[in-house]
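Asks: Structure in C-alpha cells, see below.
The values are calculated or read from the model by the stated rules, or taken from the named source; none is laboratory data. Note that this is a predicted model, so its numbers are computed, not measured. Because the Cβ atoms are built from the backbone with ideal geometry, glycine has one as well, and the counts that use them run over all protein chains shown.
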Amino acid sequence: MVEVYFNVQSDNGALTESNCLRKWSTSYIAALEGVKDLRSGMKLAGLMASAGLVDIESKMIPLPLSGWSTDPRMKAIGEANRKNVHLLLESLGLYPFMHGLDMSEVEFQELLTGARQEADDPSLKAYIPL
C-alpha cells in the first residue's frame, strides 16, 4: 500500500516555513484537518497488524519534486515527476484553500506560482514522503 503524506520536506533542510512550498503544504494540512487524516500512511503498518496481517514491511520513500537527487534512479524519477507536481499543487489545493481557508483566487495563484518555482529548485531538495 502507498499513501502520500503531503507534508513537503527538504533533504538538506533548506526548506523553511517562509518558503511558498512549505506554506502550500501547511495550508493543505490545515484545510483538511478534521476532514481527512493526512498522516494515515504512517499508521498503515499498525492498522494492518491489528487486522491480523503478518510479515508487514513499512518504509518511507522520499519522492523528489524535481531532479535534485544524486542517485540516478531517483534523479530520473524527480525529473519525470516535475510536471505532475505542477499539476498536483493546483488540483489538490484549489478547493481546500479557496473554500476551506477562504483564500482569494489571487492569493492562491501567488502561492501556487511560488510553490511551483520552489518545487523546481534543485537547491531546496524538496520531496514528499510516500
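Asks: Here is a list: Arg22, Arg73. Which entry is loosely packed, with under 11 Cβ neighbours inside 10 Å, assigned to a helix (DSSP H, G or I) and of a type outside the set (S, T, N, Q)?
Replies: Arg73
Asks: Gly34 passes all but one of (1) free of Cβ contacts under 8 Å to residues at least 60 places away in the same chain; (2) under 24 Å from Asp11 (Cβ atoms); (3) in a loop (DSSP other than H, G, I, E, B); (4) not charged (D, E, K, R); which number fails?
Replies: In the conditions (1) free of Cβ contacts under 8 Å to residues at least 60 places away in the same chain; (2) under 24 Å from Asp11 (Cβ atoms); (3) in a loop (DSSP other than H, G, I, E, B); (4) not charged (D, E, K, R), Gly34 misses (2) alone.
Asks: Now for a separate question. So Gly100 clears everything in (1) surrounded by fewer than 14 Cβ atoms within 10 Å (Cβ to Cβ); (2) more than 21 Å from Tyr127 (Cα to Cα); (3) in contact (Cβ under 8 Å) with a residue 24 or more places away in the chain except one condition, right? Which one?
Replies: Here Gly100 meets the rest and fails (1).
Asks: Shifting gears a bit: Within the stretch 37-47, count every residue that is out of contact with any Phe, Trp or Tyr (no Cβ under 6 Å at 6 or more places or on another chain), in contact (Cβ under 8 Å) with a residue 12 or more places away in the chain and assigned to a helix (DSSP H, G or I).
Replies: Total meeting the criteria: 4.
Asks: Kindly indicate which of Lys125, Lys75, Lys59 is basic (Lys, Arg) and modelled with pLDDT under 95.
Replies: The match here is Lys59.
Asks: Does Glu3 satisfy being free of Cβ contacts under 8 Å to residues at least 60 places away in the same chain and surrounded by 11 or more Cβ atoms within 10 Å (Cβ to Cβ)?
Replies: For Glu3, the condition - free of Cβ contacts under 8 Å to residues at least 60 places away in the same chain and surrounded by 11 or more Cβ atoms within 10 Å (Cβ to Cβ) - is not met.
Asks: Hey, can you tell me all the residues within the stretch 105-130 that are free of Cβ contacts under 8 Å to residues at least 40 places away in the same chain and among the basic types (Lys, Arg)?
Replies: Listed by number, the list holds a single entry, Arg116.
Each row is one residue, and each column tells you yes or no for (1) among the acidic types (Asp, Glu); (2) in contact with a Pro (Cβ under 9 Å, 6 or more places away or on another chain).
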site	(1), (2)
Gly41	no, yes
Leu44	no, no
Leu53	no, no
Leu87	no, no
Glu90	yes, no
His99	no, no
Val106	no, no
Glu110	yes, no
Lys125	no, yes
